Amino acid sequence: MPEISLTRNPAYARHGSNIGQPNTRHEGAMKVTGKARYAADNHPAGMLYAVIAVSTVARGRVASLDVAAAKAHAGVVDVMTPTHKPALAMHPHEKNNPFMFRVDLLQDDQVRYANQAIAVVIAQTLEAATEGAALLAPRYETEPARADLDANESFVPAAVGVGAPAVHNHGDVEAGLAQAVQRIEATYETPAQYHNPIEPHAIVANWDGDKLSIDTPSQGFVFAQMRIAGLFGISPENIHIRSPYLGGGFGSKGMISGPQILGMMAAKLVGKPVKLVLRREQMYGPVGHRSPSRQTVRIGVDGTGVLTALSHHAKVASSTFDDFFEPAADVAHTLYASPAIATSHEAVRLDTGTPLFMRAPGEATGSIALESAIDEAAYACGMDPLAFRLKNYAEVEPISGKPFSSKALRECYAQASERFGWAKRPLAPGQMRDEAGFRVGWGMGTAVFPALMFQGEARAVLRDDGTGLMETGAEDMGQGAWTAFTQISADGLGLDLDRVELRAGTSDLPDAGIAGGSAHTATAGMAIHNAGAAVIAKLAALATDDKRSPLFGAGNAGVVARSGRLFRRDDESRSESYVDILTRAGLKEIEARGKSASDPAAQANYAMHAHGAVFAEVKVDPDLGQIRVTRLVGAFAAGRVINPRMVQSQYLGGMIWGMSFALHEHAIIDRRSGRILNADLAEYHVPVNADVPAMEALMIEEYDPYVNALGIKGVGEIGITGSAGAIANAVWHATGKRVRHFPIKIDDLIDAL
Ligand code: MOS
């Protein structure tokens, strides 16, 4: 079986390599000094403010709105309601592809979830719009809300995630369980989680006839353009989106949301530019969230500690009006080498907004259950959890049998456990205390995330002044994507970094695909790389075909591009600058385009994933039950690292979210009203600096030549997947109590101390 090498391939050692350097963010200083202009910082002349009035019930209909009172308020210009709004070309619940999600645009008086928009007040000031919205004083005909996983009939969805089968059987799980010496079956519950990027969804929309220009955060321009074009009956080219900076996205800005479209409608209604910014609590409904889940994992192990069966069943939720089913069980397809694997999903429809993409949708949710269950199985066999994983991790993708980078996973286990000091760990729980008497526990988890790639395009330009330009409609959610893309551009163009300009972040540039699925660096990066190669080929032809060039006739030998010069590959004493080549040809500039897409031949033969291992230490106060994570060490292998500083940030951020998943985040839903009780950053807990312990993310070098020519995998989502389980397992090791619902709280532990 061919293994993917960990050694440095010679192709890595490029001339003048910018790739691999820990450059800081280009726009970092602008951001911290407040000079970076986010969507809501825009104030076109004559702009009005729109405020959404949202439903305070989760199910029913709006019986009345006091529009007259709102309109009578000083400064209020108009009130958009189901009976007073611009006409749309398409019903907002029409759906003609799985990536088209239903939105609520005041199409009727029905309330489908709490925080659904029921009207939009447009005014001269934000204060007037806010006051106008309060004066609407809605009355409702309310029906009982279906708020939790048992509140409605369950069914097997037609698909989970985006088009994945809901049920998957590989081998005979029941037979595998029957022959097992040890069997465990455990059920885990995870709560709904809601999106809390620092920047809420915001839009400044401006119409000029049937042309629309918008400032709004977006993780994907073309999807947004297509959606908006369909709704308003205009051509996608008529929609200009500017999204140079995002204050986080995490999937919530992947698809254009209902409130953003309401901002466009409001601008159309009043014929002026309109700004609409969601308040924090208004994020808890219309912009996607992570579904709650109840997951049952069954594992069989033979007398030698080898898995005989693995079954993972997940119950998840969607809304009453759209389909997105978190593919929580599917993580069991990729991690452990069981001869029999069964995964299945069932779903209920709740009176909530539609759950959608949230960082590692499916993988994160499923991983905390699977990694907890693997830990339970290891203990059932009396085995150390690392030894158990080393015995059972998959050398090839278990279901397809395709090879993947299992060597990298082994290296992650080895380096992270060494760094953490795992060998000193007592097997039995409840054995360790620190000098202050706190109970100490160590746990681990395996991390995995698919290495995806979408389609992208870039345009490269070389100019006769020795500078280069790279254009691609890539998004930077704040993770430093553009910094990495500039590094790839510099290498692709054979120019020093300070000679290269990257243009990105607007929809009029070549389509770079969606910044999601941890696939943006591979997708946009490969488009940039290919565009660079194409323009260099053009430049080289100008030289090698020209008798006056020192490179004349070098066609077969080939040339190398470096620091603005082309060198003959077999004789570097013969070279010529880009400036001289272009000037002699009488060209101000030359350009070329490059495209990227995953390679179907490679995909047919190889499984593509990033891998990792995370080790956690927790301390539990024996009197108060308070849980502190004191150490987290992760090691991740995700192909080629473009910028180690940014990659490390992504790993650390993912690990922090893993901690959040295990110990903090919990959208508490009132079963009577269907409202979220903690829809704000005071009560919806996320880790703050004081919660974040000593953390380390080790980057494991990996050369995977099959994913794409640059060997790039994704780093944005994998960090969350191993970390949540590692922390849960550490809590068990500290206390001897296995908590199977998340987040783990003080009151779960108090009787175990
Ligand atoms: Mo991510 S949930 O693919 O933005």
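The values are calculated or read from the model by the stated rules, or taken from the named source; none is laboratory data. Just so you know, these numbers come straight off a predicted model, no measurement behind them. When we count neighbours, we look across all protein chains shown, and the Cβ atoms used for this are built from the backbone with ideal geometry, even at glycine. SASA here: full protein model, heavy atoms, side chains in, ligands and nucleic acids out. Shrake-Rupley method; radii C 1.70, N 1.55, O 1.52, S 1.80 Å.
Put a plus charge on the Cβ of each Lys and Arg, a minus charge on the Cβ of each Asp and Glu, and nothing anywhere else: the dipole of the range 299-413 about its Cα centre is then about 260 debye.
Once a ≥ b ≥ c are taken as the square roots of the eigenvalues of the Cα gyration tensor of the chain, is the result rounded (a/c under 1.5), prolate (a/b larger than b/c) or oblate (a/b not larger than b/c)? Cα axes put the chain in the oblate bin. Projecting the Cα atoms of ALA436, GLY466, ILE488 onto the charge dipole of the range 388-537 (Cβ charges, centred on the Cα centre) puts ALA436 farthest toward the positive pole.
Cross-link partners among lysines for LYS407, C-alpha distance below 26 Å, same-chain residues fewer than 8 apart left out? Those lysines meeting the cut-off are LYS391, LYS424, LYS713. Please give the net charge around GLY230, taking every other residue with its beta carbon less than 13 angstrom from that of GLY230, where Lys and Arg add +1 and Asp and Glu add -1. After counting each charged neighbour, the total is +2.
Overall, the accessible surface of the range 50-199 at a probe of 1.4 angstrom is composed of carbon and sulfur to the extent of 51 percent. Total lysine pairs in the range 523-656 at Cα distances under 29 Å, for residues eight or more apart or on different chains: 4. DSSP assigns beta bridges within the chain; of those with both partners inside it, close to 80 percent run antiparallel. Per-peptide packing, taken as the mean over residues of other Cβ atoms within 10 Å, places 515-521, 277-283, 555-561, 430-436 in the sequence 515-521, 277-283, 555-561, 430-436 from highest down. Per residue, the average separation of C-alpha pairs within less than 8 Å and at least 6 apart gives the range 326-469 a relative contact order of 24 percent. The length gained by stretching the chain between THR583 and ALA436 to full extension, at 0.36 nm per residue less their Cα-Cα distance, is 45.6 nm.
Leaving out ligands, DNA and RNA, and with a 1.4 Å probe, what % of the accessible surface on the range 277-390 is carbon or sulfur?
57 percent
Near VAL160, once Lys and Arg are set to +1 and Asp and Glu to -1 for all other residues with Cβ below 9 Å from its Cβ, the sum equals -2.
Please state the shape class of the range 560-707: rounded when a/c is under 1.5, otherwise prolate if a/b exceeds b/c and oblate if not, all from the C-alpha gyration tensor. Prolate shape, in that a/c is at least 1.5 and a/b is the bigger ratio.
For the pair LYS424 and LEU390, a Förster radius of 22 Å applied to the C-beta separation gives a FRET efficiency near 0.80, rounded to the nearest 0.05. With a Cα cut-off of under 28 Å and a minimum spacing of 8 residues unless on different chains, the lysine pairs in the range 198-332 number 8.
On the basis of the beta-carbon distance and an R0 of 56 Å, SER17 and THR83 show a calculated FRET efficiency of 0.35. The charge dipole of the range 410-471, taken about the Cα centre with unit charges on the Cβ atoms of Lys, Arg (+1) and Asp, Glu (-1), comes to about 560 debye, rounded to the nearest 20.
Please name whichever of HIS529, VAL579, LEU624 sits farthest to the positive end of the charge dipole of the range 503-655, dipole taken about the Cα centre and charges placed at Cβ: Lys and Arg +1, Asp and Glu -1. Going by the charge dipole, the pick is VAL579. Given R0 = 25 Å, the distance between the Cβ atoms of ALA604 and ASN96 translates into a calculated FRET efficiency of 0.30. Solvent-accessible area per residue in the chain equals 36 Å², computed with a 1.4 angstrom probe and all protein chains kept.
Looking at the range 431-508, the DSSP beta bridges with both ends there are about 60 percent antiparallel.
Listed by number, the DSSP H helices of the chain that run 30 Å or longer by alpha-carbon position along their axis and have mean Kyte hydropathy of at least 0.5 are 520-544.
Listed highest first by mean packing, meaning other Cβ atoms within 10 Å per residue, what order do 534-545, 686-697, 138-149, 613-624 come in?
613-624, 534-545, 138-149, 686-697
Shape class for the range 371-431: oblate, because the ratio a/c of the largest to smallest gyration tensor axis (alpha-carbon atoms, square roots of eigenvalues) is 1.5 or more and b/c is at least a/b.
Using a 1.4 Å probe over the heavy atoms of the protein chains, calculate the carbon and sulfur portion of the accessible area of the range 453-591 as a whole percent. Kindly include the intermediate steps, with their values, before the conclusion.
Numbers: 2330 of 5000 Å².
Answer for the range 453-591: carbon and sulfur cover 47 percent of the accessible area.
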